[in-house]
């Protein structure tokens, strides 16, 4: 469930639940009022009907006459006790018979009878208990011939008292209100579920699909698109796809421009290095510089630390102070610097060099932030003796890659894939063990092994198919831990490693360092979209070539071929 769906669902639950709670409380209060009104009517009617009966019973003067007159009151639902008292509060008769429980039950009615100035039934209800009192006349009639002894005195005024308990009626009313609101609660729950389902069908899947496309694009998969052609988020998805197309095109153009500049610099017989002013670390160095100075380039070390690894001399053989070399001088003074008498001693050989450095503004406009240094051999050739090979990472846009993947123009091929840790030799038929020596002698050499570490399944399949068809032994994985296991097991048998710098499981830079720790001579081809640290990675000399993503078969094969053909001396320059 997306955050939008969650917020909408929680809002419906909270608002609907609050309204339902208020309605339930209101309904419970309303359910009590009709019960109270009916209780007053029942009690008033019971007293008005019982009053004349009690007066007639008292006229006869028999003790049993009063409880008999009160008995019909107890037949009314909710009636608990009834009694007759005189104006002084003396109990003359009750039903049930007088006892502590009856006295306690009728105590509120005694207090009600004591109030003066009220005619008719006096009623008071507290919760579910209602008590009532009715003034009556207690007078004697003609003497009863069967009466033994003197007749009881005429009391005059008296009261009929009753007590009702309507708790069951109250509970029934509340139960009806709760049942009605329970049905509403079920309806609210059904509404919330319906809204959640509708939002998921209309927004949830679209949001999830668009979010996944954005995450893949952010992780460097520049070919990631939402591909949404319908739905409520169609305008947003189309805007993202258009933006991704523009960004991918711009990145490819930047990479192409960078690689073309690299090609231009490879044609020059001079070494070039660019050094940051703030930390003195190199951000770019070409192959000619490393060849002339004979030192590895490490973007994590400053220029003085790098220069200290070689011996710089004057023509008379005395050491050349590092701080007087062009790059440190330009960094310190902010002025161009040049030396024409530099000698570099390498393997008991002395190389005569001319070097210069000039401050430039590459990132800021208020002051210089970098130094560009050049170095050459006096009397050396103006151009290389051989034309440089095309860069392995040079994109093949507008050429064969687009045609190669066009529908209807590709021909199916059979691909035999060897899982990680297995080879074609281990899976060969057992009959190969019976080959005679002449056949073994004439057997072709083993194919060169290439390891492909790629996080995208489509590119893994493309690389496996293209390299296998080109005659390589291909090992493919999409995980960092498997890649390290393969490199550890294969040792120096790997001729090239195609490394996706966004491979799952670890950052590309960390995996690159781990691979080089296991095999320092590994020819690593870095496959990635545009990265801000590309200049530093190029200057570090850790990779043999760059392979911009997404790539086609031709570009991949060119990169692998160039990396395999690199000499061990070039790799040792790391």
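The values are calculated or read from the model by the stated rules, or taken from the named source; none is laboratory data. Because the structure is a prediction, the values reported are computed rather than measured. Note: ideal-geometry Cβ built from the backbone for every residue, glycine included; neighbour counts use all protein chains shown.
Observations on the structure shown:
- Condition check for residue 211: in contact with a helix residue (DSSP H, G or I) (Cβ under 7 Å, 6 or more places away or on another chain) and either buried (at least 16 other Cβ atoms within 10 Å of the Cβ) or modelled with pLDDT under 85 (or both): no
- All conditions but one from (1) part of a strand (DSSP E or B); (2) farther than 14 Å from residue 270 by Cβ; (3) in contact with a helix residue (DSSP H, G or I) (Cβ under 7 Å, 6 or more places away or on another chain) apply to residue 375; the one that does not is (2).
- Qualifying residue in the range 241-262 (condition: outside any helix (DSSP H, G or I) and not assigned by TED's automatic domain parsing to the domain that holds residue 548): no
- Residue tally, condition part of a loop (DSSP other than H, G, I, E, B) and modelled with pLDDT of 75 or more, over the range 528-544: 3
Rundown of residues vs (1) in contact (Cβ under 8 Å) with a residue 60 or more places away in the chain; (2) within 25 Å of residue 548 (Cβ to Cβ), yes/no style:
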| site | (1), (2) |
| --- | --- |
| 196 | yes, no |
| 214 | no, yes |
| 232 | no, no |
| 237 | no, no |
| 245 | no, yes |
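- Across the range 18-46, the number of residues qualifying as surrounded by 14 or more Cβ atoms within 10 Å (Cβ to Cβ) and farther than 20 Å from residue 169 by Cα comes to 2.
- The combined condition, being in a helix (DSSP H, G or I) and farther than 28 Å from residue 241 by Cβ, is not fulfilled by residue 201.
Listed here are the residues, each with its yes/no results for (1) assigned by TED's automatic domain parsing to the domain that holds residue 537; (2) under 51 Å from the mean Cα position of the chain (by Cα); (3) part of a strand (DSSP E or B); (4) closer than 25 Å to residue 264 by Cβ.
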| site | (1), (2), (3), (4) |
| --- | --- |
| 304 | no, yes, no, no |
| 309 | no, yes, no, no |
| 328 | no, yes, no, no |
| 341 | no, no, yes, no |
| 345 | no, no, yes, no |
| 367 | no, yes, no, no |
| 381 | no, no, no, yes |
| 386 | no, no, no, yes |
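- Single residue of 246, 346, 311, 332 found to be surrounded by fewer than 19 Cβ atoms within 10 Å (Cβ to Cβ), over 26 Å from residue 369 (Cβ atoms) and at pLDDT 85 or above: 246
- Options 361, 305, 365, 318; residue that is without any contact (Cβ under 8 Å) to a residue 24 or more places away in the chain, closer than 24 Å to residue 277 by Cα and either surrounded by fewer than 12 Cβ atoms within 10 Å (Cβ to Cβ) or in contact with a strand residue (DSSP E or B) (Cβ under 7 Å, 6 or more places away or on another chain) (or both): 365
- Taking the criterion of being part of a helix (DSSP H, G or I), in contact with a helix residue (DSSP H, G or I) (Cβ under 9 Å, 6 or more places away or on another chain) and either closer than 16 Å to residue 542 by Cβ or without any contact (Cβ under 8 Å) to a residue 24 or more places away in the chain (or both), the residues of the range 263-287 that qualify are 265, 287.
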